[in-house]
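Remarks on the structure that follows.
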């Protein structure tokens, strides 16, 4: 319609208006579109809504779908999800594929209707079977994630492929991810990259990010950090939060671009402000060490705390360190213990070691050698050199455990082998007090531990 009448938009408007006022439903629909788009008349969403409603009331399916969208978006009328659903349903029952997809989305989101993945699946199926690429993509997602049905990777793959071959960028990305993960298809990073590339070329930010990561890691393509940086930047510029974090990583390390910690800080800040946990942690580190920004312990705590509240164990550990040492805040050993414990219980070895130190010294908790040994041991078993040295010290003095110079020598030897200078010196002192048999036993235990933890 636009091409046919573009040379006489005012005349077209007059014709549609006259016919609409006489009750012609198709004219009412087209008049609504003219007002909505500002073609041949000043744009007026409220008047567009009035005429769209008149056409919809006469049973024009595509007018009903448009009216539902106007209620959904609050275009020319206050938003009303219930009304949106009502008109989407009337249009969908007439077979309008776009309305069927829209009704499925309302069920998926639980807007205007009780949330139901099963009903969403039903309507996506109807639209997908009519060849609507976006509905096919949504149907693929339902099968891939098990939404409203059992997870079925082969069906997901089939629907993604149908949509992808029609040029749907989201389906192209998802098809790439299916190949990347080997879901319903033989795993192939090369095929994954091929589909990422098609979606990325259409400007899909998530596909650009995945393509950038593939170039950075050499998955399906040769490692090319410059190309990685280029694709990640495109995604980051579109607001992709993970890509913004990755740009921070690239810039802070000089991967594929000149090292620039100030720019890295800026990207981390954008991602952190959007709630990206790792970006918040890295931003805290930059404030703590004055990298890319003036050193500010108080701001370091702010961002570490945001990441810690999301459950990041390394951030929880750093919050504990800040409170234990009083960096930018009053020293508070009880709080330090609480944050160390959060991280330690998630397996953070440094936090486990520090929690052991707090128990050994009675800092922030009642002094308890047995608890100190328990936490030292958990960290030491992970290969933490300082915890191995501390555990060796507990065996040497018999604190929290029965005194055992052989086990003391074993743990201190492991710490020494990891490069701990104090452990190296103390191992020599302990060695002088042991018999040849005891040294042999300790060395055998050390080898056994090392073999068991070689991975």
Have a look at 133, 163, 171 and point out the one that is crowded, with 21+ Cβ neighbours inside 10 Å, more than 24 Å from the chain's Cα centre (by Cα) and under 30 Å from residue 197 (Cα atoms). 163
Quick one: in segment 180-194, which of the residues that are over 15 Å from residue 160 (Cβ atoms) and under 23 Å from the mean Cα position of the chain (by Cα) is surrounded by the fewest Cβ atoms within 10 Å (Cβ to Cβ)? 187
For segment 225-255, what are the residues that are assigned to a loop (DSSP other than H, G, I, E, B) and either within 16 Å of residue 200 (Cα to Cα) or modelled with pLDDT under 95 (or both)? 238, 239, 240
From the list 318, 390, which one is buried (at least 20 other Cβ atoms within 10 Å of the Cβ), at pLDDT 95 or above and not assigned by the TED database to the domain that holds residue 429? 318
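When segment 369-411 is examined, which residues are found to be in contact (Cβ under 8 Å) with a residue 12 or more places away in the chain and in a loop (DSSP other than H, G, I, E, B)? Give the derivation first.
We begin by selecting, within segment 369-411, every residue in contact (Cβ under 8 Å) with a residue 12 or more places away in the chain; these are 369-396, 399-401, 405-411.
Within segment 369-411, 381, 382, 383, 384, 399, 400, 401 meet the criteria.
The values are calculated or read from the model by the stated rules, or taken from the named source; none is laboratory data. The shown structure was predicted, so the numbers you read here are calculated from the model rather than taken from an experiment. Here the Cβ is made from the backbone with ideal geometry for all residues, glycine too, and neighbour counts use every protein chain on show.
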